[in-house]
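Okay, so here's the structure we're looking at.
The values are calculated or read from the model by the stated rules, or taken from the named source; none is laboratory data. It should be emphasised that the depicted structure is a prediction, and the values quoted were computed from it without experimental measurement. Cβ coordinates were reconstructed from backbone atoms using ideal geometry, including for glycine residues, and neighbour counts include every protein chain displayed.
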Amino acid sequence: MANRTQRTERRSDALSKQRIVETAMEILDTEGESALTFRALAARLATGAGAIYWHVDNKNDLLATVAEDVIARALAGVGGTAEPREAIRAIALAVFDAIDAHPWVGAQLSGEPWQPAVLEIFDSLGGRLQALGVPEPAQFDAASALVNYILGLAGQYAAGARLLGRETDRSAFLAGVAEQWTRLGPAKYPFLHRVAAQLAEHDDRQQFRAGIDLILTGIGTL
């Protein structure tokens, strides 16, 4: 029994949590969330599922841990931005780019709102509001508006990734949707009819930044 315990401890020491996180991320990025099982992960790591359970409790815990790692890396490069408005933009765009690179993160962030990755985003954005001059009673509302906008985008990206896949030609897809909008007719859907051309040509990242700027403009009135 003692020898078996020692072997288990040696395997657990050799199999670091970071190795598990990085391997899980590879599976998620290449094959999607449904492919991430402890059996598949154990096969990639050439170990047993028990050694993985030494570091993470279950799949939900693993997904939250990997998402936290992705967001931590994304935010690591923007912490030194001095001007608070630019810092908020940089944080938001860093999260956007992380979700764009790892669409499964969008599903994870929108599915569990109080997980560590979301708290990291919330605190990073909220910490800049005082320097921006936002009164303390309004800081929670301002931070919530920013975070909820980002989580809304995360949910859209996750849904799009599930429906379309990365191999989809984005320009062709948007052109098709824009054509559908124009067929709706200006009488019933006047706004969609007017902006159909913009839908076909818009850049997601630029539009996301425009949304952040709109929120910041509103926060500035506080």
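Observations, loosely collected:
- Out of Val105, Val78, Val95, Val56, sole residue that is outside any helix (DSSP H, G or I), touching a residue at least 12 places away in the same chain (Cβ under 8 Å) and either under 9 Å from the mean Cα position of the chain (by Cα) or farther than 20 Å from Ile20 by Cα (or both): Val78
- Enumeration of residues in the range 1-46 that are of a type in the set (S, T, N, Q), in a helix (DSSP H, G or I) and modelled with pLDDT of 65 or more: Gln18, Thr23, Thr30, Ser34
- Residue, surrounded by the most Cβ atoms within 10 Å (Cβ to Cβ), within the range 170-222, restricted to residues that are among the basic types (Lys, Arg) and touching a residue at least 60 places away in the same chain (Cβ under 8 Å): Arg209
- Scanning the range 166-214 for residues that are in a helix (DSSP H, G or I) and hydroxyl-bearing (Ser, Thr, Tyr), we see that the one that is farthest from Gly32 (Cα to Cα) is Thr182.
- Condition check for Asp213: at pLDDT below 90 and under 26 Å from Leu93 (Cβ atoms): no
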